Amino acid sequence: MAMTDVPPAGAATATAIDVPRWAWALAALGVLSLYVVSQENGALLSAGAAEYLHELTHDARHALGAPCH
Amino acid sequence: MPFTRLLRDGVVAGAAAGLGAALVLWLLVEPIIRRALVIEEARGGADHATGEGPLVSRALQVVGGLTTAAVVGVLVGVVFAVVFARTRHLLPGSTDLGRAAALALVGFTVVTLLPGLKLPANPPAVGDPATVTERTLLYLLTILLGLLVVGLVLAADGWLTHRGVAAPSRTVAKTVLAIGGAVAVLALVPGSPDSVPKDVPATLLWDFRVASLAQLAAMWLVLGLGFGALAEARTRAQRVAAPASV
């Protein structure tokens, strides 16, 4: 892509870094946790637990732009 | 560079980004939330908890909110590290700092700005509890379609490279595709079904949305530059140790 650039050593050979399988599971867990913390309103948790979580994370949800009431 | 070190960079930079976001939340967003809560209270009705008084006290909500902002930073940092490792060879930039900044910019645009334009952040006293599920689905749909546009841009780049199209032309094509894709997503996804209640001033809404974007921009900025600086330091150290194989 950057054929005309004069990149510092290493740049031309930039490669993807091997991601172990467990790391993909970790990333998936991270995405799920992000959903639970910022968006969950009863799809996964019981209504009571979801409501408590919603109220506890309330200010951050508003600030993060997550749909809230 | 072993992945585990990169992951550690993601956690460290993510924690810094989360703390930065929490600071902006505390200094800029909370005062506006307090203005909105005054409106909510003036309505006199039951607040968030259905009629039985608050489920979580205001003080705990503030602490919980700040903690959540910090936790979100760490979680985004972990995902960021994995995506960075996998897409390092695709990212523009000749250093890891540049590549990380580019990835953070893509992240901000797709995960924050795009859904933020379609369903802008609202302070308390605005959202209709009855539509929260619908709005959540629209919000997540916007992010997914944004990621699809990124995938299309990458696919187009590969296809054009394969056909021998020169780099400047490819850049133009990718830019047009990315902007066109973003516009299409914004045009196709339905907007929020809510209307803003009459007792919420437009200035309050505007101030809140700007403060919310500032907080999220701070998070992505600290994450991208922090992660990039850490990864860059590793690459350099490695280069000094073993100049032949980076």
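The values are calculated or read from the model by the stated rules, or taken from the named source; none is laboratory data. These figures come from a predicted structure and were not determined experimentally. Neighbour counts are summed over all protein chains in view; Cβ atoms, including those assigned to glycine, are modelled from backbone coordinates with ideal geometry. Accessible surface areas use protein heavy atoms only, side chains included; no ligands, DNA or RNA. Shrake-Rupley method; radii C 1.70, N 1.55, O 1.52, S 1.80 Å.
Per residue of peptide A:21-27, the mean number of Cβ atoms on other chains within 10 Å of the residue Cβ is 4. Under a model in which nothing but the beta-carbon of Lys, Arg (+1) and Asp, Glu (-1) is charged, the range B:25-181 shows a dipole of about 680 debye around its Cα centre. Just so you know, the Cα atoms of the range B:129-189 work out to an Rg and Dmax of 15.2, 53 Å. Only protein heavy atoms count here, probed at 1.4 Å, and on that basis chains B and A bury about 4300 Å² of accessible area in total.
When the charge dipole of the protein assembly as shown is built from unit charges on Cβ atoms (+1 for Lys and Arg, -1 for Asp and Glu) and taken about the Cα centre, the candidate among B:Ile39, A:Ala14, B:Val183 whose Cα reaches farthest toward its positive end is A:Ala14. Since only A:Val31, B:Trp206, B:Met1 are under comparison, the one whose Cα sits farthest along the positive direction of the charge dipole of the protein assembly as shown, derived from C-beta charges on Lys, Arg, Asp and Glu, is B:Met1. Note on B:Leu27 and B:Leu144: the extension gain reaches 39.0 nm, defined as 0.36 nm multiplied by sequence separation minus the Cα-Cα distance.
Does the protein assembly as shown come out rounded, prolate or oblate by the C-alpha gyration tensor, with a ≥ b ≥ c the root eigenvalues, rounded set by a/c under 1.5 and, if not, prolate when a/b is larger than b/c and oblate if not? It is prolate, given that a/c is not under 1.5 and a/b is the larger ratio.
Extension gain, B:Ala184 to B:Arg43: 0.36 nm times the residue separation minus the Cα-Cα distance gives 46.9 nm.
By the equivalent-ellipsoid construction on the alpha carbon gyration tensor, the range B:58-107 comes out with semi-axes of 31, 10, 7 Å, ordered largest to smallest. Just going by the charge dipole of the range B:75-162, with Lys and Arg at +1 and Asp and Glu at -1 on Cβ, which of B:Gly127, B:Leu113, B:Leu138 is farthest out on the positive end? Comparing the listed Cα positions along the dipole, B:Leu113 ranks first.
Three semi-axes describe the equivalent ellipsoid of chain B; taken as square roots of 5 times the Cα gyration tensor eigenvalues and ordered largest first, they are 38, 24, 13 Å. Computed on the Cα atoms alone, the convex hull of the range B:121-222 gives a volume of 131 cubic angstrom per residue. For the residues of B:100-110, the average number of beta carbons from a partner chain within 10 Å of their own beta carbon is 0. Please report the relative contact order for chain B, taking Cα pairs under 8 Å with a sequence separation of at least 6, and give it as a percent rounded to a whole number. Relative contact order of chain B: 38 percent. Given Cα pairs under 8 Å that are at least 6 residues apart, what percent is the relative contact order of the range A:29-69? Contact order relative to length: 37 percent.
Note on the protein assembly as shown: with charges restricted to the Cβ of Lys and Arg (+1) and Asp and Glu (-1), its dipole about the Cα centre is near 1180 debye.
Rounded to the nearest 10 degrees, the angle from helix B:202-241 to the longest Cα principal axis of chain B is 30 degrees.
Calculated mean residue ellipticity, 222 nm, the protein assembly as shown: -23000 deg cm²/dmol, from DSSP H runs (n ≥ 4) at -39500 (n - 2.57) each, averaged per residue and rounded to 500.
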